[in-house]
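Peer 1: Below: one structure in structure tokens.
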Amino acid sequence: MKQTLLIVATLVLLASAGTCRRTVAVAEQPGDAFARLAGSRWRPVALYGQAVDGTTDAFLALDTATRRVAGNSGCNTFGGAYSRTAAGGALQFSQMISTRKMCLGRNIEAQFTAALAATTRYALRGDTLVFLDGDGAELCLFTGEAND
């Protein structure tokens, strides 16, 4: 019963996730701006145009040497691989795995994982990392947090 309820809740969140999207132009970054992403945890501040509660545990970290991603999606931890190209800012996540804890209360898990799955490009705007879909719509905005 709990699993069915979780699946239904996830589907509802995924269905509503695409309703608040904004399409933006991606400015090319000089040099390889992706190198700036290493060594930081990136915390989501907006998902699908909606502000993220600052108390969430969600973050992601990109290891540029191994092309691996790891993080927390608000309740569960996740990991996987990514591929990217510097030209055009292409970025895709693959081979994603996650713990499967029961997550109670309001959390961003479903929207966060859906945003990662839909990401095809990235952009850096100052200190903000932006994940975009194939149409250029903003999926997720992140701010960097230096690792200690």
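The values are calculated or read from the model by the stated rules, or taken from the named source; none is laboratory data. Fair warning: this is a prediction, and the values are worked out from it, not measured in the lab. Cβ coordinates were reconstructed from backbone atoms using ideal geometry, including for glycine residues, and neighbour counts include every protein chain displayed. Side chains are part of the model used for accessible areas, which takes the heavy atoms of the whole protein and leaves out ligands, DNA and RNA. Shrake-Rupley method; radii C 1.70, N 1.55, O 1.52, S 1.80 Å.
Peer 1: What is the projected area of the convex hull of the Cα atoms of segment 30-110, averaged over all directions, in nm²?
Peer 2: 6.2 nm²
Peer 1: Just to make sure I understand: if all protein chains stay in place, what is the order of Ile97, Ile108 by accessible area at 1.4 Å, largest first?
Peer 2: Most to least solvent-accessible, the answer reads Ile97, Ile108.
Peer 1: For Val52, what residues show an amide H to amide H distance below 5 Å, using hydrogens built from the backbone and excluding near sequence neighbours?
Peer 2: Answer set, sorted by chain and number: Ala46, Leu47.
Peer 1: Any idea how far apart Asp135 and Ala35 come out in nm if each label point goes 7 Å out from Cα toward Cβ?
Peer 2: Rounded to a tenth, the inter-label distance reads 3.6 nm.
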